[in-house]
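Reading through the structure tokens given below for one structure.
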Amino acid sequence: MSLRLTELGIEHVRVFADTGWEHPDTLEYVAEYLPRVLGPISIVGRPGGMPALIRHKGMFPSRVRRYCTTELKVKPILAFINELDPDCRAVNVVGIRAEESSARAKLHEWEHDANGFERWVWRPLIDWTLQDVIDIHHRHGVRPNPLYLTRSERVGCWPCIFARKAEIKTVAEETPWRIDEIRQLEAEATEAAAARYAARGEGSFTSKGYPGGPTFFYPANKKSRGQYWPIDRAVEWSKTGRRGKGGEMFYDEAEPGCVRWGLCDSGPLKKEKP
Ligand code: SF4
């Protein structure tokens, strides 16, 4: 998006919300590489990031309580914009695309006051294809975040609560320390949940819909919905095949990134998936 604004001759301020739960490659890309090719990037975030937030809440974010986006991204960025632009004259430019999800497909290019920003929001890439994104990187000689090439179709938290099967497997293989962190957080959230139920005189929390305690991943397919999978079970499942026990639990498999980006020797670009 910054490259597009540069092509249009529009001056802009770049900001990135560090959730405290990023892949190290993303941090290196945003803090070290991109400033060399784009210019300065302000990095904002909530102190302690995701782990501190989970401890503070005593529970994990989930589909129904998706507080992570609000607390770790929306609020820090809004505070940054408000400080920079107290008169609400700036335009909040967002680089999302309609193809990325059905929710994004419903968004317009221009909208006022989205998410309480009290400013105009402009989404200049809303109609762009993935190929448009790849092309602009090539035009400017800018490499993408390496995660797009080898590990993820979408780059967000590492892992996101909506991680796909292949991503959970990769997290466990490449960054086992992150699995250790999740295991520790699950133990702490389980204790916090037990304390909450005890304080309310409601007896054991295990009888209140937490058969195994709060967990980072909540299976979303029909068969397993409502279950709570501890991280070690999620990791074991992530190593299974595509059939039988191994079917996708959360989302479809991501397509390997480097072929789509045309940056490896695997042959011509595949036709982009809609
Ligand atoms: S990337 Fe996922 S885990 Fe991170 S803030 Fe967004 S929804 Fe939450």
Item checked: Segment Y33-C88, length gained on full extension (0.36 nm per residue, minus Cα span) -> 16.7 nm
Checklist line | Largest to smallest principal axis extent of the C-alpha atoms in the range 81-167, angstrom | finding: 43, 34, 27
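If we count other beta carbons within 10 Å of each Cβ, what is the order of H112, H138, fewest first? Intermediate results must be reported in sequence, preceding the final value.
On the way: H112 9, H138 12.
Lowest to highest Cβ neighbour count: H112, H138.
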Check: What is the Rg over Rh value, at two decimals, for the range 1-152, using alpha-carbon atoms and the Kirkwood definition of Rh?
Finding: 0.95
Next item on the list: Calculate, in nm to one decimal, what K239 and W120 gain on full extension: separation in residues at 0.36 nm each, minus their alpha carbon distance.
Entry: 38.4 nm
Notebook entry, point to check: In vacuo Debye scattering of the range 49-92, one point per C-alpha: log10 I(q)/I(0) at q = 0.17 Å⁻¹?
Noted result: -0.56
Note to self: Between the range 117-180 and the range 74-96, how far is it from one alpha carbon centroid to the other, in angstrom?
What the structure shows: 22
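Read-outs: derived from the displayed coordinates by stated rules, not from any lab. What you are looking at is a predicted structure, and each value in this text was computed from that prediction instead of being measured. FYI the Cβ positions are ideal-geometry reconstructions off the backbone, even for glycines, and counts take in every protein chain you see.
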